[in-house]
Amino acid sequence: MRGLIVLAGIVPLVAGCGTGTTSADENAAAANYRPPTVTSRLDFGGSIERRFHRLDKDGDDRLVRDELPPRLRGAFDRYDADGNGSLNSDEWGKLMLDRFDRMDANRDGTVTSEERDAARAAARAARAATGGAASAGS
C-alpha cells in the first residue's frame, strides 16, 4: 500500500517532465544565439579548395570575376598574379589565407567567432563608407 502511495506521488512529477515542445535548438534560435567557434589556419586552409571547386561553376579549374561572390570581386586584380583574367587555385588560396590573416586579430593562428564578427563589421563599415567599393581583399 505504501509503495502505491509513493508511486501515485511520483507519476504526476514524471508526467510533467518533458511535456514542453520547445527544443534547446529552438530556444537558442529564439535568443539569436550562435555558439562560439574557433577556426585554425589549418582548418581554414582545408576549406579553401572545397570552396574553390564550389565556386568554379564551369569546372575549368579557374575562377573568373563573375564566379566570385560580389564582396570578393574587388580583390580580383590584386590576386590575379599572372594577369590572365582568372584565379587559379594558388591565387585563390593566397586571397583566402590573406583574408584569414586579416581576421586573426591577435595573430595566434586561429580566428574566433568574435574576431570573425569584428572583421565582418569592419568590412561592412568600410563598404558603407566607400559606397560599396571596399572589398574583403583590401
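Answer yes if at least one residue in region 38-54 is β-branched (V, I, T), open to solvent by 40 Å² or more (accessible area, probe 1.4 Å) and farther than 22 Å from A81 by Cβ, and no otherwise. Checked against the condition, which is being β-branched (V, I, T), open to solvent by 40 Å² or more (accessible area, probe 1.4 Å) and farther than 22 Å from A81 by Cβ, region 38-54 yields at least one hit.
Which of the residues spanning region 32-89 are among the hydrophobic types (A, V, I, L, M, F, W, C) and touching a Lys or Arg at 6+ places or on another chain (Cβ under 7 Å)?
Step one: filter region 32-89 for residues among the hydrophobic types (A, V, I, L, M, F, W, C), giving 38, 42, 44, 48, 52, 55, 63-64, 68, 72, 75-76, 81, 87.
Hits for region 32-89 are F76, L87.
In region 55-64, of all residues being touching a residue at least 12 places away in the same chain (Cβ under 8 Å) and surrounded by 13 or more Cβ atoms within 10 Å (Cβ to Cβ), the one that is farthest from R124 (Cα to Cα) corresponds to R62. For region 101-120, the set of residues classified as in contact with a strand residue (DSSP E or B) (Cβ under 9 Å, 6 or more places away or on another chain) and on the phi > 0 side of the Ramachandran plot consists of G109 only.
Run down G46, G93 and say which single residue is without any contact (Cβ under 8 Å) to a residue 40 or more places away in the chain and not β-branched (V, I, T).
Working: G93 fails: without any contact (Cβ under 8 Å) to a residue 40 or more places away in the chain.
Criteria check complete, one pass: G46.
The single residue among R73, R54, R34 that is at pLDDT 95 or above and not acidic (D, E) turns out to be R54.
The values are calculated or read from the model by the stated rules, or taken from the named source; none is laboratory data. Here the structure is a predicted model, which means the values were calculated and not measured. A quick note on method: Cβ atoms are made from the backbone with ideal geometry, for glycine too, and the neighbour counts reach across all protein chains shown. Note: areas computed on protein heavy atoms with side chains; ligands, DNA, RNA excluded. Shrake-Rupley method; radii C 1.70, N 1.55, O 1.52, S 1.80 Å.
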